[in-house]
Amino acid sequence: MLRNVEQAMWYINMAAAAVLFGRLYVQGLVRAYPFLFAYLAVDTLEQIIASAFAQNLRFYTEIYFVGQTVKVGLAIFVILELYELALAQQPALARFGRRMLGYLFLIAIAFGFVNLLLEFDAADPNRGTLLVSFLRLERSMDLVTFVVLILIAVFLLWFPVRARRNVAVWLGGFLLYSFSRWTGLLLMNRFHQLTHDVNRFQQLTHELNVAMLGASLACLIGWCLMLKPAGEQEMVVTGHAWDPAEMERLTVQLDAINSRLVRMARY
């Protein structure tokens, strides 16, 4: 029964993604968010291929490896893209932050791959350790992605940044998606360590997959309903809109930081 629910959620997610792609194309929003569109396209394509070869475990695993590797790389560019778009009014700060985030992701990737190679060399390849190690690497990268998104959200909620409404919608949805993905992988790994009953572990895996697909569906529906061409012109103030005096002070502070970075870039 649960397997059927999971399969149905896959199909509903793919249908929702198709609707979102169609809306983005018709509304001319695809070119404004190329990496985000590419991420969603790869995610949907992976689900379609995986559902078609779900009975072939070896091919399904290879699809998962390739699809998730590409998605991890694209997720990094999505975050950098959203961060730069959110701070379009402070371009020097946007460039500086994007550079720092790029270095952070490079360090995380390097440590992750070193850890993966060490674990794989020391493990028994006949026990499926490669998949477990890959899931651990994927979970680590999802954690870094989620933490970076949280830091960006905290920054935007504190400083009164003027950003396009569509950018705020994209950022909020991707934050929910990353949180659900990281939490699901963390719990899956925890169940793998604690549960020795294969049937029970499979049931828990299906339950987690349904939960993650539910979160993904919520993001897709939210984007379909809230992303509009008018959102590219409508500006929202992200932080301290309830306190005009504090908002003015923080705006001056934010502009001062941006101006200082502009002067530093000239030297």
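A short reminder: the numbers here are calculations on the coordinates, not readings from a lab. Small disclaimer: the values here were computed from a predicted structure and weren't measured. Cβ atoms come from the backbone with ideal geometry, glycine included; neighbour counts cover every protein chain shown.
A dipole drawn for the chain from +1 and -1 charges on Cβ atoms has a positive end, and of LEU93, VAL169, ILE150 the residue lying farthest that way is LEU93.
What does the charge dipole of the chain about its Cα centre add up to, to the nearest 20 debye, if the Cβ of each Lys and Arg holds +1 and the Cβ of each Asp and Glu holds -1? Taking the Cα centre of the chain as origin, the dipole is about 520 debye.
Each of LEU24, VAL66, PHE113 was placed along the dipole of the chain (beta-carbon charges, centred on the mean Cα), and the one lying farthest toward the positive end is LEU24.
Here is the P(r) of segment 2-266: all C-alpha pair distances, binned every 10 Å from 0, give 6, 26, 32, 22, 11, 3, 0 in whole percents.
Annotation: peptides 257-264, 152-159, 204-211, ranked by per-residue average of other Cβ atoms within 10 Å with the highest first, follow the order 204-211, 152-159, 257-264.
Against the chain, whose longest principal axis comes from its Cα atoms, helix 2-26 is set at around 30 degrees. Once the Cα atoms are used to define both axes, helix 198-226 deviates from the longest principal axis of the chain by about 30 degrees.
Just to confirm the number: angle between the C-alpha axis of helix 165-194 and the first principal axis of the chain, 0 to 90 degrees, nearest 10? Tilt relative to the chain: about 30 degrees. Over the residues of the chain, the helix contribution to mean residue ellipticity at 222 nm works out to -29000 deg cm²/dmol, using -39500 (n - 2.57) for each DSSP H run of at least 4.
Across the chain, the mean sequence separation of Cα contacts (distance under 8 Å, 6 or more residues apart), normalised by length, yields a relative contact order of 28 percent.
For the residues THR145, THR61, THR238, a GNM of the chain with alpha-carbon springs under 10 Å puts the largest fluctuation on THR61. From largest to smallest, the equivalent ellipsoid semi-axes obtained for segment 3-107 from the alpha-carbon gyration tensor read 31, 19, 9 Å. Rounded to whole Å, give me the distance from the Cα center of segment 216-235 to that of segment 135-192. Here the two parts' Cα centres lie 18 Å apart.
Length gained on full extension, VAL262 to TYR103: 55.2 nm, using 0.36 nm per residue less the C-alpha separation. Look at LYS71, LYS228 and count the other Cβ atoms within 10 Å of each Cβ; fewest to most, that gives LYS228, LYS71. Scalar couplings 3J(HN,Hα) for segment 157-163, obtained by applying the Karplus form with A = 6.51, B = -1.76, C = 1.60 to θ = phi - 60°, are 7, 8, 8, x, 7, 8, 10 Hz; x denotes Gly and Pro.
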